[in-house]
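Okay, structure first, notes after.
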Amino acid sequence: MTTSTSPAAAAVDPEAYLQVRDLKVQFPTEDGLVRAVDGVTFSVRRGQTLGIVGESGSGKSVTSMSILGLHNPARTKITGEISIGGKNIVGMKEQQLQRLRGKDVAMIFQDPLSALHPYYKVGAQIAEAYKVHHPSASKKEATTRAVDMLDRVGIPQPQRRANQYPHEFSGGMRQRAMIAMALVNDPALVIADEPTTALDVTVQAQILELLEDLQREFQSAIIMITHDLGVVSQVADDVLVMYAGRPVETGSVEQIMKRPQHPYTWGLLASVPSLHGDATVDLVPIKGNPPSLINLPTGCSFNPRCRYAGQNGNRSFSEVPELRPAGEPGHNVACHMSFETRQRLYAEDIAHAGVAQ
Amino acid sequence: MTDLAGTAAGTATTTTPAREPLLKVEGLTKHFPVRSGLWGKGSVVRAVENVNFEVHPGETLGLVGESGCGKTTTGRMLVRLLEPTAGKITFDGEDITHTKGARLRKLRQDIQIIFQDPYASLNPRHTVGRIVAMPLQVNGITPPGGVKRRVQELLETVGLNPEHYNRYPHEFSGGQRQRIGIARALALKPKLIVADEPVSALDVSIQAQVVNLLRQLQRDLGLSFVFIAHDLAVVRHFCERIAVMYLGRMVEVGTRQQIYENPAHPYTRALLSAVPDVTKLGGHGRIKLEGDVPSPIDPPSGCVFHTRCWKAQEKCSAEAPVLLPNPNGSISACHFPETGEVV
Amino acid sequence: MLRFLIKRLLLASTTLVAISIVTFLLFFAVPSSPAWVMCGRNCSPERIAQVEQSLGLDQPITKQYTDFVKGIFVGRTINDAGTIRECDAPCLGYSFRSKEPVTDTIERSLPVTVSIVAGAMVVFLTVGIGLGMLAALKKGTVFDRVAIGASVGFASTQTYTLGGVLLLLLVYSTGLLPNPHYTPITQDPLDWAGGMLLPWITLGLINSALYARLSRAQMIETLQEDFVRTARAKGLSARVVNRRHALRAAITPIITIAGVDLGAYLGGVVITESVFSLNGIGREAAQAVQDLNLPLVMATVLLAAFFIVAMNIIVDMLYAVIDPRVRLG
């Protein structure tokens, strides 16, 4: 059984700021070994945005936590390579990781209300993030920097707002403050984990635009982790679709959204209702539920939910499909079906439902 | 004004036969008192302000808007979980605004609610069978063939295995739990179901399963729905008629086609344009709303949307617009309604 | 804040008045009389009546109650079988038993209880919270297991068992510690501490166990909070994350519990005082109940209630100071 993704297929851009090769993250538990991430390879250049799409349990958040080295080494087994600006952080000492976190790599979390400390003023929390990487900066300098950042992310009256607590902010303002905190040290890589899921659509639009703006200004690489294909289609240059800890399809946003090749990606697209097209047509949902990461199905993990499993004899149930080129350059898919079969099925079954229309 | 809105609402429902509405809401208002300041100067949160709409038998009405727009409060008042501050709710020809006691229990058979969080709304110590049977037992109803048989039928209706009768909620996934909640809501053969964000806590692939199930139930059982959601695409997929709310007020009501293709109220347009659209890559040509929704304690004067509206003029901050019919057939509360299709 | 304080003070006074009335009524509902206790079983009915009259118990209850209340605020004159006693405000009456002003009894016994509780509190707040926090940070290790195992053991021990054993081991057999006794701190601080050492250890250890488990649970929960993850993602060192971010949030609920406990303990730690034969409020209260010594019963009950009510107000205000989300009103 092959378990790893062949690096040849999912080519890693040697110029990229972040390069992840065959990353595996496992948690030994009393119930067994949880294979949260089971061999992903991807890369992001500065100024580019990678969207990682998946449902809960797909391993997308675990991947992001490992890029920050936030997993407890005593309780996690990590293999593979995570290269940030040329330094491999897998196995790196905690002290070195601390110098990276918040400086080279920063993170924006989903729920800014719980991600900000309720007892400290917003300005102080941002200043703290600055001061930890600029030990020689005075308290006043750090505070000034915090106020500047609040201003930069579009918070009115930043001086006054810096002196308020997170609960005095609205949801959108809180997420802006969170972004200010993440960007205070000009990080080269920003990981945004469902940054707009807790927000209303009009505010989501504001935040996505702000992120794009800031990316243009700071030339940062962004990883946008989300379950929302809509968000991905707005901001991403490249997309990685994950299922049960493994990559099932990668490619440019155009390739993934307009010419998807994997039945799971099809499922996601056909099951999301759209603002256009025929509203009276039923959605085409993916049957069943995501699998347990302790007890993955043999062969292709998606086979119990795949409408086309078994098209190639027994391979779906016995052999783990590897990411292989899917026609166009940069487009890779992990599926046993032939390119021609996939083309035909997509046109026949999928293209008319949900947002795939 | 109520009259006008009423007739206008009539025009907006041309797709449904002109029968008596199943549910009629007139001037519905809810204020929550809050205290603030040193000596507790009492003020009120104007959560819902003079809302009017109708739901006809077999019709699905969507209530959409951003958080704090009053859609959930409205839903809770419909099922009488909250007492309205003012206004009138008529169900099946009967004024139910202040119904109490036995009559209210009877009413609860006809109007059911499905909640957002399938985890929190099921008692973890009860078996699925008991949870679904509960509404029957509480109301002392013995269906033909017995309670157990009816419960198993219901489980089958919502796509669960009837043999799972004796299992507990924790043994089910999120989507299955929401199905249990739906089975329970169906137990008493209600005429109207108020669904409050029924799919927003679910994973995308599971959401579609539940939306399809609700659509099928609606078709097969001829149920009426008040479907409360913030996800405009889900609402478009499920509802024939949509009411858009902003800051406790109804700003536009219309058919699916009117609202999604030809909305008249600037807020409706902004809301639609903010939804990230997979069919259009990159986020260009969006209508951008600045700032946040104002506080419902101290709403803006005149049209409550004027502080964020790009079309706002002097009149908008001075005079509150009333719901009026538009050329497109929808009714909206705007002094300067939009015309033309959305791109 | 001001509004909150006024509201709470009004509520507190109402509570105290209610408690005093209930205590009064309960006292007279008991099918016994202090006169019987004082004069013995074979007392003649005349003698009983005489004693009751001298104690003022022959008056209507309402009169007795109003006299009591009047005594607290303006003082009163007490006629005890011809002996006229001027009792200045705050007058809590005269002890039926010792005939001394109740205020004197309280003045004598309160410092004892305060000494015991203050020292024990220092022990269980430092040892208990310290152990709990450490155990949480080292969750799953041998240290954690031993600390939690030991605290389960101590928590299931009773004061009189542990106190008795320690007394036997540390005082009677080995003489490592002096016999527990009370010396005012103003008189001889060293002797004060020496005499209090054993009660501090006993009460301290048992409560440490409870506080250790409480703070461990709190800390473990807090360490899983999103804001702790954010702090780590900023690049802060583990020490700063734990101290500045996690500890501050984890300790807040514990402080409030400690405050309420303090209030309850200041009203008397009956068993600890009894085990070590220290005449604190608790022991006086227990004795007063046995003697049906109404003035002392009233005084100790009200004092205990006062401490609890006062600490509750203080804790709520403290909470508002620590947690900016809490708004009093």
### Query
Going through the stretch A:96-107 one residue at a time, which ones are in a helix (DSSP H, G or I), facing chain C (nearest Cβ under 9 Å) and over 12 Å from A:Leu70 (Cα atoms)?
A:Arg99
### Query
If we keep just the residues of the stretch A:304-325 that are open to solvent by 50 Å² or more (accessible area, probe 1.4 Å) and assigned to a helix (DSSP H, G or I), which is farthest from A:Val12 (Cα to Cα)?
A:Pro304
### Task
Kindly check whether there is at least one residue in the stretch B:333-342 that is modelled with pLDDT under 90, within 13 Å of chain A (Cβ to nearest Cβ) and under 30 Å from A:Val284 (Cβ atoms).
yes
### Task
May I ask you to list the residues in the stretch A:207-251 that are charged (D, E, K, R) and open to solvent by 10 Å² or more (accessible area, probe 1.4 Å)?
A:Glu209, A:Glu212, A:Asp213, A:Arg216, A:Glu217, A:Asp228, A:Asp237, A:Asp238, A:Arg246
### Task
Looking at (1) under 18 Å from the mean Cα position of the chain (by Cα); (2) open to solvent by less than 20 Å² (accessible area, probe 1.4 Å), find the lone condition where A:Val203 falls short.
(1)
### Task
Go through the stretch A:113-143 residue by residue and tally those that are open to solvent by 70 Å² or more (accessible area, probe 1.4 Å) and either more than 11 Å from chain C (Cβ to nearest Cβ) or touching a residue at least 60 places away in the same chain (Cβ under 8 Å) (or both).
6
### Task
Could you tell me whether B:Ser273 is within 22 Å of A:Gln206 (Cβ to Cβ) and polar (S, T, N, Q)?
yes
### Message
When you check A:Gln110 against the structure, is it within 12 Å of chain C (Cβ to nearest Cβ), closer than 30 Å to B:Val293 by Cα, open to solvent by 60 Å² or more (accessible area, probe 1.4 Å) and assigned to a loop (DSSP other than H, G, I, E, B), yes or no?
### Response
yes
### Message
Restricting to the stretch B:269-293, give me the number of residues that are modelled with pLDDT of 85 or more and within 23 Å of the chain's Cα centre (by Cα).
### Response
9
### Query
Yes or no: A:Ser292 more than 9 Å from chain B (Cβ to nearest Cβ), in a loop (DSSP other than H, G, I, E, B), of a type in the set (S, T, N, Q) and crowded, with 22+ Cβ neighbours inside 10 Å?
no
### Task
Looking only at the stretch C:152-172, decide whether some residue is among the aromatic types (Phe, Trp, Tyr), open to solvent by 50 Å² or more (accessible area, probe 1.4 Å) and more than 24 Å from the chain's Cα centre (by Cα).
yes
### Task
Go through C:Arg283, C:Arg327 for me and flag whichever is out of contact with any Gly (no Cβ under 9 Å at 6 or more places or on another chain) and of a type in the set (Lys, Arg).
C:Arg327
## Note on the structure
Considering residues that are in a helix (DSSP H, G or I) and open to solvent by 50 Å² or more (accessible area, probe 1.4 Å), the number found within the stretch C:31-51 is 8
### Task
For the stretch A:164-203, enumerate the residues that are aliphatic (A, V, I, L, M), within 13 Å of chain B (Cβ to nearest Cβ) and touching a residue at least 60 places away in the same chain (Cβ under 8 Å).
A:Ala198
### Query
Any residue in the stretch C:203-220 that is out of contact with any Cys (no Cβ under 6 Å at 6 or more places or on another chain) and within 14 Å of chain A (Cβ to nearest Cβ)?
yes
### Summary
In the stretch B:150-194, anything within 14 Å of another protein chain (Cβ to nearest Cβ), small (Gly, Ala, Ser) and buried (at least 23 other Cβ atoms within 10 Å of the Cβ) is listed as B:Gly175
### Task
Would you mention how many residues in the stretch B:128-147 are of a type in the set (A, V, I, L, M, F, W, C) and over 18 Å from B:Gly159 (Cα atoms)?
5
### Task
Scan the stretch A:74-91 residue by residue and report those that are touching a residue at least 12 places away in the same chain (Cβ under 8 Å) and surrounded by 13 or more Cβ atoms within 10 Å (Cβ to Cβ).
A:Thr76, A:Lys77, A:Ile78, A:Thr79, A:Gly80, A:Glu81, A:Ile82, A:Ser83, A:Ile84, A:Gly85, A:Ile89, A:Val90
### Task
Sort out which residues of the stretch A:39-68 are of a type in the set (A, V, I, L, M, F, W, C) and farther than 24 Å from B:Gly282 by Cα, and write them in order of number.
A:Val40, A:Val62, A:Met65, A:Ile67, A:Leu68
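The values are calculated or read from the model by the stated rules, or taken from the named source; none is laboratory data. Treat the numbers as computed from the prediction; the structure is a model and nothing was measured. A quick note on method: Cβ atoms are made from the backbone with ideal geometry, for glycine too, and the neighbour counts reach across all protein chains shown. Surface accessibility is based on the protein's heavy atoms, side chains included, excluding ligands, DNA and RNA. Shrake-Rupley method; radii C 1.70, N 1.55, O 1.52, S 1.80 Å.
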